[in-house]
1. For ALA79, all conditions in the list (1) at pLDDT 85 or above; (2) assigned to a helix (DSSP H, G or I); (3) closer than 30 Å to PHE16 by Cα hold save one; what is the number of the exception?
2. Every residue in segment 55-82 that is among the basic types (Lys, Arg) and over 13 Å from LEU15 (Cβ atoms), please.
3. Mind telling me which of the residues ALA79, ALA41, ALA46, ALA56 ends up being more than 21 Å from VAL150 (Cα to Cα), crowded, with 19+ Cβ neighbours inside 10 Å and of a type in the set (A, V, I, L, M, F, W, C)?
4. For segment 87-108, enumerate the residues that are free of Cβ contacts under 8 Å to residues at least 40 places away in the same chain and within 20 Å of VAL138 (Cα to Cα).
5. How many residues, within segment 21-41, are of a type in the set (A, V, I, L, M, F, W, C), over 16 Å from ALA6 (Cα atoms) and touching a residue at least 24 places away in the same chain (Cβ under 8 Å)?
6. So, in segment 14-32, how many residues would count as being modelled with pLDDT of 90 or more, open to solvent by less than 60 Å² (accessible area, probe 1.4 Å) and either assigned to a helix (DSSP H, G or I) or hydrophobic (A, V, I, L, M, F, W, C) (or both)?
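The values are calculated or read from the model by the stated rules, or taken from the named source; none is laboratory data. All figures in this text were calculated on a predicted structure; none of them were measured in a lab. Note that each Cβ is placed from the backbone with ideal geometry, even for glycine, and that neighbours are counted across all protein chains shown. Protein only, heavy atoms only, side chains kept; ligands, DNA and RNA dropped before computing areas. Shrake-Rupley method; radii C 1.70, N 1.55, O 1.52, S 1.80 Å.
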Amino acid sequence: MNSDQAYLASLEALLFAAGDGLTLAELSELLDLEPDQTQSALDNLAKHYKEDPRSAMDLRRVEDKYVLSVKTDFKDLLARLYRPGYLPPLSPASYETLACVLYNQPVTRAQVEAVRGVNSDGVIARLIERGFLEECGVLEQVGRPSLFRVTEKFMLDIGLSSVEELKPMELLMYDNLRKLEDGEEGEEDR
C-alpha cells in the first residue's frame, strides 16, 4: 500500500470511528499532516466514493466537519433498517418550528413562539427527543432562557452543508417580525 492509499484508509478509519465527524484541523493533527495535505486526501477520498459504483459510502462536509455517510441511493434500503414504528411522521407544526429555528438560530423558545404565533413547548420537546434540535446555551438576559439550534443530524437528513445555503425567507426571521411589530420600515421602504 502506498502512502496515498494509507492516508485514505486512515482518513476512512478516523471518520468511521468518530461517527459525528471531525474538522480539518482535528484530522490534520491525528494524521500528523499539514492542513493542505489533509484537504487533498479528503478530496481524493470523496472522489473515490463518488466514482466507485461498488461503494455505498459518501464523504460530506457539514458546517466545519467531515462526515462519512451512506449515498442517497440507499435511502429507501436504510429506511427499512431504521423503521421507527413508534415515531409518527413530523407534523406541520414540527416543520414550521424547525424552519423558525433554522432561520434564526440560536433562538429562544419565546422567539420561535413569536414567529409561529402559538405555544411551541411540546413541539420543541419532541424535536429534541428526535435529535433534530439541541440546546446550545442560554441568552444572557432576565430568566436566562435556553437557546436552541438544529443538529448536525437534521442538517444531514435535509441535505444541507451549511445554513448559508438557505434562501432568505423574510417572514420566518424573528428580527423582521420584531421590526414589523415596532412599526419600523426598512431603508428600502422609505
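1. (1)
2. If the condition is that a residue be among the basic types (Lys, Arg) and over 13 Å from LEU15 (Cβ atoms), then LYS71, LYS75, ARG80 are the ones that fit.
3. Within the list ALA79, ALA41, ALA46, ALA56, the selection yields ALA41.
4. THR97
5. Summing the residues that are of a type in the set (A, V, I, L, M, F, W, C), over 16 Å from ALA6 (Cα atoms) and touching a residue at least 24 places away in the same chain (Cβ under 8 Å) in segment 21-41 gives 2.
6. 7
Conditions tested, residue by residue: (1) among the charged types (D, E, K, R); (2) open to solvent by less than 80 Å² (accessible area, probe 1.4 Å); (3) touching a Ser or Thr at 6+ places or on another chain (Cβ under 6 Å).
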residue: ASP52; (1), (2), (3): yes, yes, no
residue: ARG60; (1), (2), (3): yes, yes, yes
residue: ASP64; (1), (2), (3): yes, no, yes
residue: LYS71; (1), (2), (3): yes, yes, no
residue: GLN105; (1), (2), (3): no, yes, no
residue: VAL118; (1), (2), (3): no, yes, no
